[in-house]
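Chemist: Structure provided below as structure tokens; questions to follow.
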Amino acid sequence: MQTRLSSEFIDTPEGREADSILRACVHCGFCTATCPTYQLLGNELDGPRGRIYLIKQMLEGEPVSDKTRLHLDRCLTCRACETTCPSGVRYARLADIGREIAEQKVPRRGLDGLGRLLLRKLIPYPRRFAPLLRAGQWLRPLLPRALRNKVPAVQQPGAWPSQAHARRMLVLAGCVQSVGTPATNAACARVLDRLGISLVEAGGAGCCGAVSHHLSASQEARAFMRRNIDAWWPHIEQGAEAIVITASGCGALVKEYGDLLQHDADYADKARRVSAMTKDISEVLDAGNLPQGRPPAGQHKVAFHSPCTLQHAQQLQGVVEPLLERAGYRLTEVADAHLCCGSAGTYSILQPALSKQLLGRKLEALQGDAPDIIATANIGCQLHLAGASRVPVKHWIELLDEALAGE
Ligand code: SF4
Ligand code: SF4
């Protein structure tokens, strides 16, 4: 694609990066076929190729309107288009740059702007979020159904292993996951303990920065990134082997710290090292070395939902399934497994109508073969699916832990 960036962007780092991404696109449109929002809305501007054109026009100095921003807002950043694209176009990075520019050109007003600010000031901070969650859980039986479905049930995480091993890995506690689904990291710690690895949550680490990043607050996101790097660095220097992440949405972003902090002289090297040693928990385990397991009675048949951040952003396809099979589970066939469930970070709150349609389609596909349970790999998908599913929804590492404990 030929471009002629306006003088406003031609010499900025973001402008140069966007330009090189735009030039890789040959506007073939293959990506449109796998875009969930194009499938729902049938409008070229609600598909990747149309959005790429909108961003190109912005960078070339064309007027930006509410309509431009609306089509960018409707994008889930699911990155199915990147998996499909034969030219390797880095759509998500382009969308990040485009959204930030649209945000500056057409500032949000009223409730739209206030709602986004509230999400940024609430979700990444467990001390602010936890009391609200606890109140919601306490009042759950009294809440209207639509709201009740959004409040996760209280989890009993079980014991964190006390034995210290010579092999150590760090784990990201995260923000919402640390208070909403504490069973995930506890199960992960027990699985790794059986393999002779201690899992350590570094004090001072917190939100990965994804909430701010995807709401176009890039400076705020970078502050979260630097804080995590500072918290992890002493442990890395003392020999921690990896940074294990059990929420694929967070993992996808931490793997990008190196790119996102490349112009920060103080953090660029550390960020590159942190990204290189970040692993989704499915990358740490090896089905060949895993003990066999015995799933709990009546929970053998599993439908696995691979989050977009696992299969498209991290390109980890077909990695979890053999681990579950090794542990004794039987996996069902799931149609259209490449499509997003509609959770997509804050998307389910900001675009509820589209999100609900995607959730309905996804649950139909997941429940089609009558599973006993649905497993996934990201807290956002887990809570989103659990709010409307007929069967329980868990993180797959919990299933692995239960099966290994049962053997
Ligand atoms: S992003 Fe890739 S698949 Fe989509 S139009 Fe451009 S080159 Fe084609
Ligand atoms: S990221 Fe997902 S929703 Fe956005 S354009 Fe690509 S395929 Fe469509």
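Chemist: Determine ³J(HN,Hα), in whole Hz, for all residues of segment 181-195 in sequence, where each value follows from phi through the Karplus function 6.51 cos²θ - 1.76 cosθ + 1.60 and θ = phi - 60°; x replaces Gly and Pro.
Modeler: For segment 181-195, the Karplus-derived couplings read 9, x, 5, 5, 5, 5, 5, 4, 4, 5, 5, 5, 4, 5, 9 Hz, x marking Gly and Pro.
Chemist: Which of Gln238, Gln219, Gln317 moves most in a GNM of the chain, Cα contacts under 10 Å?
Modeler: Between Gln238, Gln219, Gln317, it is Gln238 that shows the largest mean-square fluctuation.
Chemist: Long-range amide H contacts for Leu331: which residues qualify at under 5 Å (H placed 1.01 Å from N, peptide plane, sequence gap of 5 or more or a different chain)?
Modeler: Val302
Chemist: Gaussian network model of the chain, Cα springs within a sub-10 Å range: biggest mean-square fluctuation belongs to which of Cys308, Cys25, Cys75?
Modeler: Comparing Cys308, Cys25, Cys75 in a Gaussian network model of the chain, the most mobile one is Cys25.
Chemist: Could you give the size of the charge dipole of segment 254-407 about its Cα centre, using +1 on the Cβ of each K and R and -1 on the Cβ of each D and E, expressed in debye and rounded to the nearest 20?
Modeler: For segment 254-407, the charge dipole is close to 300 debye.
Chemist: Under a Cβ-Cβ cut-off of 13 Å, what is the net charge of the residues other than Val393 that fall near it, where Lys and Arg count +1 and Asp and Glu count -1?
Modeler: +1
Chemist: Between 0 and 90 degrees, rounded to the nearest ten: what's the tilt of helix 352-367 against the longest Cα principal axis of the chain?
Modeler: Relative to the chain, helix 352-367 is tipped by roughly 40 degrees.
Chemist: How would you classify segment 68-203 from its alpha-carbon gyration tensor, with a ≥ b ≥ c the square roots of the eigenvalues: rounded for a/c under 1.5, else prolate if a/b is greater than b/c, otherwise oblate?
Modeler: Oblate, since a/c reaches 1.5 and b/c is not below a/b.
Chemist: Ok, one more. Place a +1 charge on the Cβ of each Lys and Arg in the chain and a -1 charge on the Cβ of each Asp and Glu, then give the dipole magnitude about the Cα centre in debye, rounded to the nearest 20.
Modeler: So the magnitude is around 1100 debye.
Chemist: Shifting gears a bit: State the Cα centre-to-centre distance between segment 168-195 and segment 281-301 in whole Å.
Modeler: Distance between centres, Cα-based: 16 Å.
Chemist: For segment 276-373, run through the GluC sites (Glu not before Pro) and keep only the ones in DSSP coil with at most 12 other Cβ atoms within 10 Å of their Cβ.
Modeler: Qualifying residues, ordered by number: Glu333.
Chemist: Sort out for me the Cα centre separation of segment 205-264 from segment 123-152, rounded to whole Å.
Modeler: Here the answer is 27 Å between Cα centres.
Chemist: Enumerate the calculated ³J(HN,Hα) couplings along segment 376-393 in order (Karplus 6.51 cos²θ - 1.76 cosθ + 1.60, θ = phi - 60°), each rounded to whole Hz, writing x wherever the residue is Gly or Pro.
Modeler: Here the 3J(HN,Hα) series is 8, 9, 8, 4, x, 4, 4, 6, 5, 5, 4, x, 9, 7, 7, 10, x, 10 Hz.
Chemist: Quick one: of Lys356/Lys394; Lys270/Lys356; Lys67/Lys270; Lys105/Lys362; Lys67/Lys279, which pairs are farther than 28 Å apart, Cα to Cα?
Modeler: Among Lys356/Lys394; Lys270/Lys356; Lys67/Lys270; Lys105/Lys362; Lys67/Lys279, the Cα-Cα distance tops 28 Å for Lys270/Lys356; Lys67/Lys270; Lys105/Lys362; Lys67/Lys279.
Chemist: Picking from Val274, Val284, Val211, which is most flexible by a Gaussian network model of the chain using Cα springs under 10 Å?
Modeler: Val284
Chemist: Right, next: Net charge near Pro124, counting Lys/Arg +1 and Asp/Glu -1 over other residues with Cβ under 12 Å of its Cβ?
Modeler: +4
Chemist: Do any chymotrypsin sites (Phe, Trp or Tyr not before Pro) in segment 287-381 lie in a loop, going by DSSP, with at most 11 other beta-carbon atoms within 10 Å of their beta carbon, and if so which?
Modeler: Taking segment 287-381 and a limit of 11 other Cβ atoms within 10 Å, no loop chymotrypsin sites (Phe, Trp or Tyr not before Pro) are found.
Chemist: Name the cysteines of the chain that stand alone by the Cβ rule: no other cysteine Cβ under 4.7 angstrom.
Modeler: Cys25, Cys28, Cys35, Cys75, Cys85, Cys188, Cys341, Cys381, each lacking another Cys Cβ under 4.7 Å.
Chemist: A follow-up question, please. Within the chain, what whole-number % of the accessible surface is contributed by carbon and sulfur, with the 1.4 Å probe and all protein chains included in the calculation?
Modeler: 52
Chemist: Hey, what angle do you get for helix 396-406 against the long axis of the chain, alpha-carbon based, 0 to 90 degrees rounded to 10?
Modeler: 10
Chemist: How much accessible area does Asp286 have with a 1.4 Å probe, in Å² rounded to the nearest 10?
Modeler: 80
Chemist: Okay, next question. Label 7 Å along Cα→Cβ of Leu147; segment 332-361 residues with amide nitrogen under 12 Å?
Modeler: none
Chemist: Stretched out fully, how many nm does the piece from Arg167 to Ser87 gain, at 0.36 nm a residue minus the Cα gap?
Modeler: Full extension of this stretch gives 24.7 nm more.
The values are calculated or read from the model by the stated rules, or taken from the named source; none is laboratory data. Computed from a predicted model, the values in this text were never measured in an experiment. Ideal geometry is used to build each Cβ from the backbone, glycine not excepted, and the neighbour counts take in all protein chains shown. For accessibility, only protein heavy atoms count, side chains too; no ligands or nucleic acids. Shrake-Rupley method; radii C 1.70, N 1.55, O 1.52, S 1.80 Å.
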